[in-house]
Amino acid sequence: MTTSSAPGKVYLFGEHAVVYGEPAVPCAVERRARVTVEPREDGRVRVDAADLSLDGFTVTWGGSIDDRPDVDVPAPLLEAAMEYIEAAVDQAREAAEAPDAGFDITVQSDIPLGAGLGSSAAVVVAGIDAATRALGTELDPEEVARRAYEAEFEVQDGQASRADTFCSAMGGAVRVEGDDTRTIDAPPLPFVVGYDGGAGDTGQLVAGVRALREEHEFAADTVETVGDLTREGERLLAAADPNEEPSEDLLDDLGELMNFNHGLLEALGVSSGSLDAMVWAAREAGAHGAKLTGAGGGGCTVALDPTDETEFALGYTAECEQAFRAELATEGVRVEEP
Ligand SMILES: Nc1ncnc2c1ncn2[C@@H]1O[C@H](COP(=O)(O)OP(=O)(O)OP(=O)(O)O)[C@@H](O)[C@H]1O
Ligand SMILES: C[C@@](O)(CCO)CC(=O)[O-]
Ligand SMILES: [Mg+2]
C-alpha cells in the first residue's frame, strides 16, 4: 500500500491569462489531497472517493468509462472524478511500463472541490505519484508535474495550463509561463481564504474567456494586462527577503496588484456575486488586497492579511460559508504513512 499527498494552491496572480501564455504565480497552501493505492491482480480499477460528495461513494470499473456505476452523485461530478483518476492511472501505467496494472484507489482530500484551490491537480499529482510508487517506479516531482499536466489537459479538453499541477507537485511559490515552469522565492505571505460553498466549472469558464478574447480586442488586451501586473508582482517578490515576514509596504504593493487582478477577472466574466461580496468584505476588514482564486464562477477568494480581521469579517459575511488562514505549503508531492 502506498500513500502520497499533494497540496492545493491559491493564485497570487495570473489565473486564466496563464492559459494564453502570460505568466502566473500560484502558491501551494497547506490543504492536501491524499491518494492511497494498492495494486490489484485483475487489472481493474476500484475507486473510493469519500469526499466527492457529502454522502461519499464507491465505484468499481474495469478500465472503461462506459462501465458506469449506479451511485447517488450528480452525473457530471462522477464523470469528471472518474476521468481525472482514470487519466492519472493511465499516466502511472505508462510511466511504470505496466499497461495492464489494476489498482484499489482511495482518495481523501481537505481541498474543497471545484473551488479554485486546485483540487483536481492535487488529486492527479498525488494519484500519479502513489500509483507509480506502488508499481515500483519513482518519478521526480518535475516528471509527476509533467504527467499530471497531460492528465488535466486531456480531461479538461485542452483547457489547462501547467500552473496548477506544477505548483502542486513542487510546493511553495512557482511561476509558469507557457512551458516554462520554475519555483521562485517568496516570503511567508499571510493568505486568508474565503469559501462560498460553491464551485465553478473550470473547462466552461476557460472556454468563456477564450470566446471573449476572440470576439473583442479589448478582452485580449485585458488578458495581456493581467500578464503585465503579474510581472510587476514577480519583481516585488524577487526583491523581498524570503526568510523575513513581509513588510507592510510589500503587502500593500502586492495587495494593490491583487485588487487590480480581481477587477480584470471580473471584467472577463469569471467572478460571481458571492466572490465579489467576499472580496469586498476582506477589503473593508483591512486586508491589503483580495481577489478570486482559480477558475472562478464560485468557490474561493484569497486575501492578504496578517491580522485576524479578514477571517473574522468573512465569518460574518452571508456569502461566505467558511474562512480560513492558508499557510504556504513549502513541500509539494510527498509520500505519507498509509
Ligand atoms: N476528493 C476528491 N475525490 C475525487 N475527485 C476529486 C476530489 N477532489 C477533486 N476531484 C476532482 O476534481 C474536480 C474539480 O476540479 P476543477 O478543476 O473543476 O476544480 P478545482 O481543481 O478544485 O479548482 P481550480 O481548477 O479552479 O483551481 C472534481 O469535480 C473531481 O472530478
Ligand atoms: C483558470 C486556470 O488558469 C486556473 C484554474 O485553477 C486554468 C488553468 O490554468 O489550467
Ligand atoms: Mg482544477
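For helix 141-155, report the angle its Cα long axis makes with the longest principal axis of the Cα atoms of the chain; keep it between 0 and 90° and round to the nearest 10°.
Compared with the principal axis, the helix lies near 90 degrees.
Would you kindly derive the ³J(HN,Hα) couplings of the stretch 163-172 from the backbone phi angles with the Karplus curve 6.51 cos²θ - 1.76 cosθ + 1.60 (θ = phi - 60°), listing them in order in whole Hz, with x for Gly and Pro?
Working through the residues one at a time gives 5, 5, 6, 5, 4, 5, 6, 8, x, x Hz.
Given R₀ = 30 Å, FRET efficiency for Glu154-Asp249 by Cβ-Cβ distance, to 0.05?
With a Förster radius of 30 Å, E is 0.10.
How would the stretch 191-326 be classified by its alpha-carbon gyration tensor: rounded, prolate or oblate, with rounded meaning a/c under 1.5 and the a/b versus b/c comparison settling the rest?
It comes out oblate by the Cα gyration axes.
What FRET efficiency comes out for Ala50 versus Glu321 if R0 is 25 angstrom and r is the Cβ-Cβ distance? Round to the nearest 0.05.
That gives a FRET efficiency of 0.80.
Looking at the square roots a ≥ b ≥ c of the eigenvalues of the Cα gyration tensor of the chain, which shape do they give, rounded for a/c under 1.5, prolate if a/b is larger than b/c, or oblate?
Prolate is the answer for the chain, as a/c is 1.5 or above and a/b outweighs b/c.
Label-point separation (nm) for Asp228 and Glu41, each offset 7 Å from Cα along Cα-to-Cβ?
Here the modelled spin labels are 6.5 nm apart.
Can you list residues from other chains, or at least 5 along the same chain, whose modelled amide H is less than 5 Å from the amide H of Ala329?
Amide H to amide H, under 5 Å and 5 or more residues apart or across chains, Ala329 pairs with Ala28, Val29, Glu30, Gly172.
Report the charge-dipole magnitude of the stretch 191-326 in Debye, nearest 20, computed about the Cα centre from +1 at each Lys and Arg Cβ and -1 at each Asp and Glu Cβ.
The calculation lands at about 460 debye.
Angle between the Cα long axis of helix 273-284 and the longest principal axis of the chain, 0 to 90 degrees, nearest 10?
So the inclination is approximately 50 degrees.
If amide hydrogens are placed 1.01 Å from N in the peptide plane, which non-local residues have theirs closer than 5 Å to the one on Ala290?
HN-HN under 5 Å from Ala290: Asn259.
Given the whole protein assembly as supplied and a 1.4 Å probe, what does the accessible area of Leu304 come to in Å², nearest 10?
0 Å²
Stretched out fully, how many nm does the piece from Asp185 to Asp221 gain, at 0.36 nm a residue minus the Cα gap?
Length gained, Asp185 through Asp221: 10.1 nm.
Which of rounded, prolate, oblate describes the stretch 166-222, given a ≥ b ≥ c as roots of the alpha-carbon gyration tensor eigenvalues and a/c under 1.5 marking rounded, otherwise prolate only if a/b is larger than b/c?
It is oblate, given that a/c is not under 1.5 and a/b is not larger than b/c.
Got a number for the accessible area of Phe324? Probe 1.4 Å, square angstrom, nearest 10.
The accessible area comes out at roughly 20 Å².
Contact order normalised by length for the stretch 177-265, with contacts defined as Cα pairs under 8 Å and 6 or more residues apart; what percent is it?
Computed over the stretch 177-265, the figure is 44 percent.
What is the distance in Å between the Cα centres of the stretch 110-177 and the stretch 302-338?
21 Å
Tell me, what ³J(HN,Hα) does each residue in the stretch 113-128 have, in order and in whole Hz, if you take phi through Karplus 6.51 cos²θ - 1.76 cosθ + 1.60 with θ = phi - 60° and put x for Gly and Pro?
For the stretch 113-128, the Karplus curve yields 7, x, 10, x, 9, x, 5, 5, 4, 5, 5, 5, 4, 5, x, 5 Hz.
Using a 1.4 Å probe over the heavy atoms of the protein chains, calculate the carbon and sulfur portion of the accessible area of the stretch 191-326 as a whole percent.
Carbon and sulfur atoms account for 46 percent of the accessible area of the stretch 191-326.
Under 5 Å between amide hydrogens, which residues at least 5 positions from Ile184 or on another chain qualify, with H placed 1.01 Å from N in the peptide plane?
Amide H neighbours of Ile184: Ala173, Val174, Arg175.
Can you send over the solvent-accessible area of Ser120, 1.4 Å probe, protein chains only, in Å² to the nearest 10?
For Ser120, the solvent-accessible surface is approximately 30 Å².
If one takes the longest principal axis of the Cα atoms in the chain, at what angle in degrees, from 0 to 90 and to the nearest 10, does the Cα axis of helix 217-239 lie?
Helix 217-239 sits roughly 90 degrees off the main axis of the chain.
Find the relative contact order for the chain and round it to a whole percent, using C-alpha pairs within less than 8 Å whose residues are 6+ positions apart.
Relative contact order of the chain: 25 percent.
The values are calculated or read from the model by the stated rules, or taken from the named source; none is laboratory data. These figures come from a predicted structure and were not determined experimentally. Cβ coordinates were reconstructed from backbone atoms using ideal geometry, including for glycine residues, and neighbour counts include every protein chain displayed. Areas reflect the complete protein model, heavy atoms only, side chains present, ligands, DNA and RNA absent. Shrake-Rupley method; radii C 1.70, N 1.55, O 1.52, S 1.80 Å.
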